[in-house]
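Okay, structure first, notes after.
The values are calculated or read from the model by the stated rules, or taken from the named source; none is laboratory data. What you see is a predicted model, and the numbers here were worked out from it, not measured in a lab. Positions of Cβ are generated from backbone atoms using ideal geometry, with glycine treated the same way; all protein chains shown enter the neighbour counts. What goes into the accessible areas is simple: the full protein's heavy atoms, side chains included, and nothing from ligands, DNA or RNA. Shrake-Rupley method; radii C 1.70, N 1.55, O 1.52, S 1.80 Å.
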Amino acid sequence: MADLTTSYMGLQLKNPVVVASSQLTYDVERVAECEKAGAGAVVLKSIFEEQIEHDSRQMIGGMDFDAYTEAYDYFKETSRDYYIDNYLALVEEAKKRVDIPVIASINAVGSGSWIEYATRFEQVGADALELNLYIIPANTSAEGREIEKGYFDILKKVRQKVSIPVALKLGSQFSGMARTMKQFSDAGADGLVLFNRFYKPDIDIEKMSVKTAQIYSAPEEMAFTLQWIALLSGKISADLAANTGIHSSADVIKQLLAGAKVTEVCSQLMRKGVDEIETLTQGLEEWMDRKGYGSIEEFRGIMSQERMKHPEVYERSQYIKALVGIE
């Protein structure tokens, strides 16, 4: 029988299928369901910096603090603590309830003072921290270097606060992608999660309003992630986690062949339920048995660019060959 165990950022997992931050990991009961279904690890639903700030304003919005600015500051901090404490309780309860690794997740838009709470995630037992960074380069006056500095500042501040592993969940909007990813790795990121599916708006032409576009990924979205996992595998020290568009056991296998340590799955489980985890792991195990692989380490990364006989297959030359029919 094939051995599905793997390691990710120093954590030992029984298999490489990780439930991504989502409604599936919103509370302790759902986390327990993920473990029962066979997940290798879970990433708790993100605590959102924007949500903390918004809810804090809502909580104290009706109070008159014109004459008591100190009281305003006190209530603002107290309300922020309320939401963070609830999340800390989720981490602590989840660690008591399940045996699989529990990764806390923060959705950040800037290096706010709330990062001071990062050390408390470690204190309540989180096995690792995933920084779900959301900095869209939409400012026409901001240079790329300035935007990237925001990422490094957040990583540096968190890295100073915790000793548990830290992963960055990133978008794909970087110039010099490979160099930037290596710099994140060199700056202390233990893992890189590729890629984040940022919020995408749509327009309702009848109601003349902005609405949310499709939130679930499609299988074809995996190709871009697969390409970059393969391009980076073996070239940076950070572990690579594949995210977006993973809908089948074949998708899991492809990402492992490209060099991923784990695969973070969400949309397929949201559509079909967490029992689909067994379908993914069973398909992986059957493929390994059929191919004669006893462990994941025997084949991980053998299809990465670094280990390919013709590494150009992951770059533009392959596109040119396909376009003009040259083999």
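Say we look at segment 112-124 and pick out the residues that are within 27 Å of residue 148 (Cβ to Cβ) and aliphatic (A, V, I, L, M); which of these is modelled with the lowest pLDDT?
Only one residue tops the list, namely 115.
Return the residues of segment 133-171 that are touching a residue at least 12 places away in the same chain (Cβ under 8 Å), assigned to a helix (DSSP H, G or I) and basic (Lys, Arg); say none if nothing qualifies.
Selection gives 156, 157, 159, 161.
Answer yes or no: is there a residue in segment 298-309 that is at pLDDT below 95, surrounded by 12 or more Cβ atoms within 10 Å (Cβ to Cβ), of a type outside the set (A, V, I, L, M) and not in a helix (DSSP H, G or I).
yes
Across segment 75-111, what is the total count of residues that are modelled with pLDDT under 90, over 20 Å from the mean Cα position of the chain (by Cα) and open to solvent by 20 Å² or more (accessible area, probe 1.4 Å)?
9
Name the pairs whose Cβ atoms lie under 6 Å apart, with the first residue in segment 186-210 and within 28 Å of residue 168 (Cβ to Cβ), the second exposed (fewer than 10 other Cβ atoms within 10 Å of the Cβ), and 6 or more positions between them or separate chains?
202/211
When you go through (1) in contact (Cβ under 8 Å) with a residue 24 or more places away in the chain; (2) closer than 16 Å to residue 260 by Cβ one by one for residue 216, which number turns out not to apply?
The one condition residue 216 does not meet is (2).
Given the condition at pLDDT below 95 and within 30 Å of residue 258 (Cα to Cα), answer yes or no: does some residue in segment 15-22 qualify?
yes
Could you grab me the full set of residues in segment 28-59 that are farther than 21 Å from residue 189 by Cα and at pLDDT below 95?
Of everything in segment 28-59, those that are farther than 21 Å from residue 189 by Cα and at pLDDT below 95 turn out to be 50, 51, 52, 53, 54, 55, 56, 57, 58, 59.
What are the residue pairs meeting all of these: first residue in segment 116-132, first residue assigned to a loop (DSSP other than H, G, I, E, B), second residue open to solvent by 10 Å² or more (accessible area, probe 1.4 Å) and charged (D, E, K, R), Cβ atoms under 7 Å, and 6 or more apart or on different chains?
Pairs that qualify, where the first residue is assigned to a loop (DSSP other than H, G, I, E, B) and the partner is open to solvent by 10 Å² or more (accessible area, probe 1.4 Å) and charged (D, E, K, R), are 124/92; 125/92; 125/95.
Would it be correct to say that residue 153 is surrounded by fewer than 20 Cβ atoms within 10 Å (Cβ to Cβ) and under 20 Å from residue 105 (Cβ atoms)?
yes
May I ask you to verify whether residue 191 is on the phi > 0 side of the Ramachandran plot and out of contact with any Phe, Trp or Tyr (no Cβ under 6 Å at 6 or more places or on another chain)?
So residue 191 does not fit the description; no.
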